[in-house]
Amino acid sequence: MTEPKETNMYGLGILKGLGVAFRHFIMTYVDDIRRWGKRYYTPEGIAYRSSKNAQGIFTVQYPEEKIPVPEEFRYIPFLIYEEQDGKIEYRCTSCGICAKVCPPQCIWIVRSTDPNTGRPIPDPAEFYIDIDICMNCGYCAEYCPFDAIKMDHDYELAAYDRKANVYDKVKLGKPVSYYASIRPINYEREETARREAEEMRTARKIRA
Ligand code: SF4
Ligand code: SF4
């Protein structure tokens, strides 16, 4: 006996849903006219469609459009290098801490050795990360004592070849200017700490 009532209830729900969809459909055109030339493919347009004020269709036209990621967004790690007189110098000292703390153990490091003494030198001969195994936890970056490894924002890493996802030192390497551009607040904080530590060391030397 309850069947006709339930059918009626569902029918109303469907109509309400269609009404919402129709309102969004119309509002998209209204908003297109209101924000002529600014609604799509502009940072302003993406910010508007990501906000609670968005009216009409608010989907982002990926990959032509991308939502900016926050500074603390993390995907896979990269190795920072400094550039001096056209020479590249990795900050990594191959201490191995990142490889030890990595939960899925996807970092491999081969240390360089002095050809004369055979002793290890603080520079990785090879550095690999299997980005298919990396779980994006960021532990490696958190624990690195030299700010040599940081988490990247780049998430478009699809590849046809599985082997292409084992990144070597060259593929992992990015200049410090890149790091400063994606994580300006972190970069500034670390540089300030470095400067202060350097000043303290100099002051201690002068006192001694
Ligand atoms: S990236 Fe950092 S923690 Fe990892 S080996 Fe290099 S210096 Fe050590
Ligand atoms: S982000 Fe986490 S899982 Fe990925 S390499 Fe670093 S420690 Fe390992």
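The values are calculated or read from the model by the stated rules, or taken from the named source; none is laboratory data. No experiment lies behind these values; they were computed from the predicted model shown. We place every Cβ from the backbone using ideal geometry, glycine too, and count neighbours over all the protein chains shown. These area figures cover heavy atoms from the full protein model, side chains too; ligands, DNA and RNA do not enter into them. Shrake-Rupley method; radii C 1.70, N 1.55, O 1.52, S 1.80 Å.
If you go through region 48-66 and keep only what is modelled with pLDDT of 90 or more and among the aliphatic types (A, V, I, L, M), you end up with nothing.
So, in region 160-199, of the ones that are within 16 Å of ligand 1 (Cβ to nearest atom) and in a strand (DSSP E or B), which residue ends up surrounded by the most Cβ atoms within 10 Å (Cβ to Cβ)? Going through the qualifying residues, I end up with Tyr167.
What do you reckon, is Glu71 in contact (Cβ under 8 Å) with a residue 60 or more places away in the chain, more than 16 Å from ligand 2 (Cβ to nearest atom) and open to solvent by 50 Å² or more (accessible area, probe 1.4 Å)? When the stated conditions are applied, Glu71 does not pass them.
For Ser94, indicate whether it is among the hydroxyl-bearing types (Ser, Thr, Tyr) and buried (at least 17 other Cβ atoms within 10 Å of the Cβ).
Details: among the hydroxyl-bearing types (Ser, Thr, Tyr): yes; buried (at least 17 other Cβ atoms within 10 Å of the Cβ): yes.
In short, yes.
Of the residues Val20, Val30, only one is in contact (Cβ under 8 Å) with a residue 24 or more places away in the chain, over 34 Å from the mean Cα position of the chain (by Cα) and in a helix (DSSP H, G or I); which?
On the way: Val20 fails: in contact (Cβ under 8 Å) with a residue 24 or more places away in the chain.
Only one candidate qualifies: Val30.
If the condition is being closer than 25 Å to Asp154 by Cβ, open to solvent by 40 Å² or more (accessible area, probe 1.4 Å) and not acidic (Asp, Glu), then region 28-44 contributes Tyr40, Tyr41, Pro43. Considering only region 80-121, state which residues are within 16 Å of ligand 2 (Cβ to nearest atom) and out of contact with any strand residue (DSSP E or B) (no Cβ under 8 Å at 6 or more places or on another chain). Ile97, Lys100, Val101, Cys102, Pro103, Pro104, Gln105, listed by residue number.
Considering only region 143-159, state which residues are more than 10 Å from ligand 1 (Cβ to nearest atom) and touching a residue at least 40 places away in the same chain (Cβ under 8 Å).
First, the residues of region 143-159 that are more than 10 Å from ligand 1 (Cβ to nearest atom): 151-159.
Answer for region 143-159, where residues must be more than 10 Å from ligand 1 (Cβ to nearest atom) and touching a residue at least 40 places away in the same chain (Cβ under 8 Å): Met151, Asp152, His153, Asp154, Tyr155, Glu156, Leu157.
Residues being farther than 24 Å from Arg23 by Cβ and open to solvent by 90 Å² or more (accessible area, probe 1.4 Å): count how many of those fall in region 45-65. Before you say what the answer is, go through the steps one by one.
Keep residues of region 45-65 that are farther than 24 Å from Arg23 by Cβ, which gives 62-64.
Applying the additional criterion that residues be open to solvent by 90 Å² or more (accessible area, probe 1.4 Å) yields 62, 64.
Residues meeting the conditions: 2.
Within region 114-142, restricting attention to residues that are within 14 Å of ligand 1 (Cβ to nearest atom) and among the acidic types (Asp, Glu), the residue that is farthest from Tyr75 (Cα to Cα) is Asp123. Counted as qualifying within region 98-156 are the strands (runs of 3 or more DSSP E) with 3 or more residues that are open to solvent by 50 Å² or more (accessible area, probe 1.4 Å) and touching a Phe, Trp or Tyr at 6+ places or on another chain (Cβ under 9 Å), namely 120-130.
Given the structure, is Ala54 farther than 21 Å from Ser181 by Cα, assigned to a strand (DSSP E or B) and more than 10 Å from ligand 1 (Cβ to nearest atom)?
On the way: farther than 21 Å from Ser181 by Cα: yes; assigned to a strand (DSSP E or B): no; more than 10 Å from ligand 1 (Cβ to nearest atom): yes.
For Ala54, the condition - farther than 21 Å from Ser181 by Cα, assigned to a strand (DSSP E or B) and more than 10 Å from ligand 1 (Cβ to nearest atom) - is not met.
Any residue in region 84-97 that is away from ligand 1 (no atom under 11 Å from the Cβ) and among the basic types (Lys, Arg)? The answer is yes; a qualifying residue exists.
Quick one: would you say Glu89 is within 27 Å of Glu71 (Cα to Cα) and open to solvent by 40 Å² or more (accessible area, probe 1.4 Å)?
yes
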